[in-house]
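Engineer: The structure that follows is given in the form of structure tokens.
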Amino acid sequence: MLERPKRPNDLSAFWMPFTANRQFKQAPRMLVSAKDMHYTTDDGRKLLDGTAGLWCVNAGHCRPKITEAIRHQAGELDYAPAFQMGHPIVFEFASRLVDIAPEGMDHVFFTNSGSESVETALKIALAYHRAKGDGSRTRLIGRERGYHGVNFGGISVGGIVNNRKMFGTLLAGVDHLPHTYLPGKNAFSRGVPEHGVELADELERIVALHDASTIAAVIVEPVAGSAGVILPPKGYLKRLREICDKHGILLIFDEVITGFGRLGTPFAADYFGVVPDIMTTAKGITNGVIPMGAVFVKKEIHDAFMNGPEHMIEFFHGYTYSGNPIACAAGLATLETYREEGLLTRGEELGQHWEDALHSLKGEPHVIDIRNIGLVGAIEMEPIQGQPTKRAFSAFLKGFEKGLLIRTTGDIIALSPPLIITKGQIDEIVDHVREILRSID
Ligand SMILES: Cc1ncc(COP(=O)(O)O)c(C=O)c1O
């Protein structure tokens, strides 16, 4: 047997993503199992999952149907390439996804993550215009405070400074819409805020600057999640859609968080009644259990690629694991679980209770805004002078200690529980948050 040298700290090898590594390794927080709405820590404590893992475990943890589907598929067809050959389950899964997608989104390209879905969507947009003989449309428009994953395309169109500033000049030819965070006008709005539809008109300004003939696509999160739950003002997404249509610009919705029931509808496109041309998804597609993503496109976009000699590859793009059979099996079982338990619309039933519970935190220490939509919530705290994010980190640590998993970004507590949550558990989350707010500096 290979003798491995002993290491002084056996947590050292794993360079943890998006983590304060040194702080963690001095005081590790370990999750060892999970079931339904709870995690269990290595010291045997239960944590109520207020964040569905990372916005992904929409049906709750370790659901038997999903676990069984994975086990079965791993014993039957563990891996098969999807380049120049196929396997039945990937076609079946694509069809079932199209069944629940917004009208007209008829084709699905599989990836392994939200970041890859974004890269794929941006490439489809560029290649689509070129395939139509409109190859000068190369510019991509994102939005300030947008999060579109961590790959180069995604951070270029994204608008979170810490995710961008270390990585050079990024993609050329990208511009940004202003964000829609207007605390002065919209603080403590319940649901979609009233003010700010005119921010969509900034797209006209960008078009006037660059000319529509140079712009391929606009990409936005319908509800910005990672930047702290920033909602689109009333009418904003419709206005963006109109301006894109007027100028022949593709509209991409990044639904990596909002997809699969988070807002109380299958997709945010359904919630807002605005259908994009391309939609990126991941996370809830397999209940977060196996890495997977999918990009949905309208028929016209797909069909624009289907020309030239029939033996030629139409789109030079794909991943070794695109449509991995085990991920597809997990995805199919996830969709069945969502359907059987009505989870894609459960956020609508619980929305009012969620909203009332969250807004009962108004007036608690540090709270300067509360935002909600579907089963998403944000409690924004006043930052400690000169020490941004410190208060939120204390809140996170306190929650972990007291039995609630929250996510923080900036000085915002973001909540997005599994969609199986009960009203009693919503109250429990809010009671915990109240206690946290009262106990931190
Ligand atoms: C809107 C959005 N796009 C893309 C991503 C990136 O997904 P992943 O971490 O799976 O690459 C995320 C992740 O949170 C997201 O919220």
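Laboratory data are not the source of any read-out in this text; all were calculated from the coordinates shown. If you're wondering where the values come from, they're calculated on a predicted model, not measured in any experiment. Here the Cβ is made from the backbone with ideal geometry for all residues, glycine too, and neighbour counts use every protein chain on show.
Engineer: Restricting to bridges with both residues inside the chain, how much of the DSSP beta-bridge set is antiparallel, in percent to the nearest 5?
Structural biologist: 65
Engineer: Next question. Once you put a point 7 Å from the Cα of T345 and another 7 Å from the Cα of F316, both along the Cβ direction, what distance in nm separates them?
Structural biologist: So the label points at T345 and F316 sit 4.6 nm apart.
Engineer: What are the residues whose amide H is under 5 Å from the amide H of T389, where those residues sit 5 or more places off or on another chain and H is modelled from the backbone?
Structural biologist: Sorted by chain and number, the residues that satisfy this are I384, D411.
Engineer: Expressed in nm to one decimal, what extension gain is obtained for the pair M85 and V150 from 0.36 nm per residue of sequence separation less their Cα-Cα distance?
Structural biologist: Contour length minus Cα-Cα distance gives 20.4 nm.
Engineer: Can you work out the Karplus-derived ³J(HN,Hα) for every residue in segment 402-411? Use 6.51 cos²θ - 1.76 cosθ + 1.60 with θ = phi - 60°, whole Hz, and x for glycine or proline.
Structural biologist: 8, x, 9, 8, 10, 10, 10, 8, x, 10
Engineer: Taking amide hydrogens as modeled 1.01 Å from N in the peptide plane, which residues meet the under 5 Å criterion relative to I368, leaving out close sequence neighbours?
Structural biologist: Those qualifying (amide H under 5 Å, at least 5 residues apart or on another chain) are E380, M381, E382.
Engineer: Take peptides 104-110, 161-167 and line them up by average Cβ neighbours within 10 Å, highest first, as a rough protection proxy.
Structural biologist: Top of the packing list down: 104-110, 161-167.
Engineer: Would you kindly state how much longer the chain becomes between T389 and L31 on full extension, computed as 0.36 nm times their sequence separation minus their alpha carbon distance, in nm to one decimal?
Structural biologist: 126.5 nm
Engineer: For segment 322-386 and segment 76-130, write down the distance between their C-alpha centroids in whole Å.
Structural biologist: Distance between centres, Cα-based: 26 Å.
Engineer: Go through segment 336-399 and name the trypsin sites (Lys or Arg not before Pro) that are in a DSSP coil and have 15 or fewer other Cβ atoms within 10 Å of their Cβ.
Structural biologist: K362
Engineer: Right, here's the next one. Using +1 at the Cβ of each Lys and Arg and -1 at the Cβ of each Asp and Glu in segment 231-278, identify which of G259, I278, L237 lies farthest towards the dipole's positive end.
Structural biologist: L237
Engineer: Further question on the same structure: Tell me, what ³J(HN,Hα) does each residue in segment 66-80 have, in order and in whole Hz, if you take phi through Karplus 6.51 cos²θ - 1.76 cosθ + 1.60 with θ = phi - 60° and put x for Gly and Pro?
Structural biologist: So the J values, rounded to whole Hz, are 6, 4, 5, 4, 5, 4, 5, 5, 5, x, 9, 9, 6, 8, 8.
Engineer: Only Lys, Arg, Asp and Glu count, each charged at its Cβ (+1, +1, -1, -1), so figure out the dipole size of segment 127-242 about its Cα centre, rounded to 20 debye.
Structural biologist: It comes to approximately 240 debye.
Engineer: Also: Which links in K185/K362; K234/K299; K132/K299; K25/K283 stretch past 21 Å when you go from one Cα to the other?
Structural biologist: With Cα atoms farther than 21 Å apart: K234/K299; K25/K283.
Engineer: Residue by residue through segment 413-418, which ³J(HN,Hα) values in whole Hz follow from phi under the Karplus form 6.51 cos²θ - 1.76 cosθ + 1.60 (θ = phi - 60°), with glycine and proline marked x?
Structural biologist: For segment 413-418, the Karplus curve yields 8, 9, 10, 7, x, x Hz.
Engineer: For K246, give me every one of the lysines with a C-alpha distance below 16 angstrom, ignoring sequence neighbours fewer than eight places off in its own chain.
Structural biologist: K238
Engineer: Between C62 and residues 5 or more places away or on another chain, which pairs have amide H atoms under 5 Å apart, with H built 1.01 Å from N, and which residues are they?
Structural biologist: The list, which skips near neighbours in sequence, is D36.
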